[in-house]
1. For the range 128-161, name all the residues that are small (Gly, Ala, Ser) and under 24 Å from Asp206 (Cα atoms).
2. Would you check which residues across the range 163-178 are open to solvent by less than 100 Å² (accessible area, probe 1.4 Å), assigned to a loop (DSSP other than H, G, I, E, B) and either among the basic types (Lys, Arg) or under 11 Å from Pro189 (Cβ atoms) (or both) and list them?
3. Can we say Ile112 is of a type in the set (A, V, I, L, M), over 12 Å from the mean Cα position of the chain (by Cα) and open to solvent by less than 30 Å² (accessible area, probe 1.4 Å)?
4. Would you point out the residue of the range 124-146, among those that are over 26 Å from Tyr194 (Cβ atoms) and touching a Gly at 6+ places or on another chain (Cβ under 8 Å), that is least open to solvent (accessible area, probe 1.4 Å)?
5. Mind checking whether some residue in the range 118-130 is within 19 Å of the chain's Cα centre (by Cα), of a type in the set (A, V, I, L, M, F, W, C) and at pLDDT 95 or above?
Amino acid sequence: MGLLRFLMRAIVLCVLIVLSQAVTIPMADTYHLMTDAECLKKMFTRMVFRGYQSIGKVDPYIQKNLELATKAGIVADVYMNPCFFCGKPEVQVAELTDSLKAHKINMIWVSIEGSWSMDAAKNQLFAKGLVAALQAKSIKVGIFTFAPTWARIMGKDFSGLSELPLWYVRWNENPEPDDFIPFGGWTKPAAKQYQAEETECGIDVDYDSFYSSQKIFHQFNTVSSLLIFNICLLYTSPSPRDATLSRMPSSA
């Protein structure tokens, strides 16, 4: 009876096996006004629209783009090109989020590139201020940057934002992140911009990939092959146990 109970326990434990599988989601970003959202939906399940310009103004197209994306069923993110020299980070965040109140967005990416101060410590405080202001509004936040620019603006050893999702740049026409080299405290990216300034559906877009993970549940018949049975026993047996150019356009 003891052996029978052990074998039955082994089979039960392996009836449901959970495997993780990486999923690459086609994504694009743009600062143009969409002219054919239905066309873009056929190519991209996720779009990132510029919401704030580095001249310190809300993007004039953001509300219309979000409206069109919603109607087309496209998952919409927003990216923010902050202006270090245009005022407090919380004021810029308020300007952006006030313009988004009528729209549903997935998350906001803060772009770390372009013109910042020459003082890394001041830049770090400004970036943290942006993130804190967004998170105070219960908005999911990510960082768009790439290694050389990050080192120039934030300092190569700064890792104070590495708990946020990273969207990095490598223009090599490869949508996969197998070329990623850790920096800024990040060990893996959430997204990648891999091809720039392509024309699709009447507007210029950059090609991106968003990386997700999903759990695949495999249910096996308890009257299974010896191979599967042996795998189950293993689970119950004891054992010792980044280009230097600015990517996001600053203004239309």
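1. Scanning the range 128-161 gives Gly142, Ala147, Ala151.
2. Pro165, Glu176, Pro177
3. Taking the combined requirement at face value, the residue satisfies it.
4. In this case the residue turns out to be Gln124.
5. Checked against the condition, which is being within 19 Å of the chain's Cα centre (by Cα), of a type in the set (A, V, I, L, M, F, W, C) and at pLDDT 95 or above, the range 118-130 yields at least one hit.
The values are calculated or read from the model by the stated rules, or taken from the named source; none is laboratory data. All values derive from a computational prediction rather than experimental measurement. Positions of Cβ are generated from backbone atoms using ideal geometry, with glycine treated the same way; all protein chains shown enter the neighbour counts. Please note that ligands, DNA and RNA were not included when accessible areas were found on the heavy atoms of the full protein model with its side chains. Shrake-Rupley method; radii C 1.70, N 1.55, O 1.52, S 1.80 Å.
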